[in-house]
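Report on the structure given below.
Read the figures in this text as sums done on the coordinates, not as results from a lab. On a predicted model such as this, the values are computed, not experimentally measured, just so you know. Glycine gets a Cβ as well: all are built from the backbone with ideal geometry, and neighbour counts include every protein chain shown.
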Amino acid sequence: MPRTIAAFLSAANTLFDNASADTDIKQKLATRGYDDMKLAQERARIKAYDNADDVQEAAKGANQQATSDANAAMKRLNDWTSQYLKIAKVALSEKKNLLEKLGKSVRTTKTASQRVAPAKAAATRKAKKSGAK
């Protein structure tokens, strides 16, 4: 039994071609219930299977293209959103609540380093002045 669809379809077509061309094979198949009408029905089933496989392969290609298009659109949207948020951050730097409404997390209090920075700077200036004398 062929393992690939293409090999199966090729073998099936060869089988039906041989069965319809050789009277000895036709007679043997007829004794098993495969007269000309039954062979035509079975060939039609193989053709329907081939057509269904073609449709499935076309759908796979369309799905891959749609996924690629969706990924590209999402990248463009993410790039635009990133640029928009950068501009909004600058434009609304004094209006933190509006940035929060856009979904941008905003620090409303100083960090520990920012709180001690003035004292540290004053100590550094004082040390420089006393060392410069």
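Observations on the model:
- Residue, farthest from the chain's Cα centre (by Cα), within the stretch 1-20, restricted to residues that are over 14 Å from R43 (Cα atoms) and part of a helix (DSSP H, G or I): A7
- Restricting V116, V90, V106, V55 to residues that are of a type in the set (V, I, T) and not in a helix (DSSP H, G or I) narrows the list to V106.
- Residue within the stretch 53-67 that is of a type in the set (D, E, K, R), closer than 30 Å to D17 by Cβ and over 24 Å from the mean Cα position of the chain (by Cα) present: no
- The residues on offer are K96, K128, K28, K38, and the sole one that is out of contact with any helix residue (DSSP H, G or I) (no Cβ under 8 Å at 6 or more places or on another chain) and exposed (fewer than 10 other Cβ atoms within 10 Å of the Cβ) is K128.
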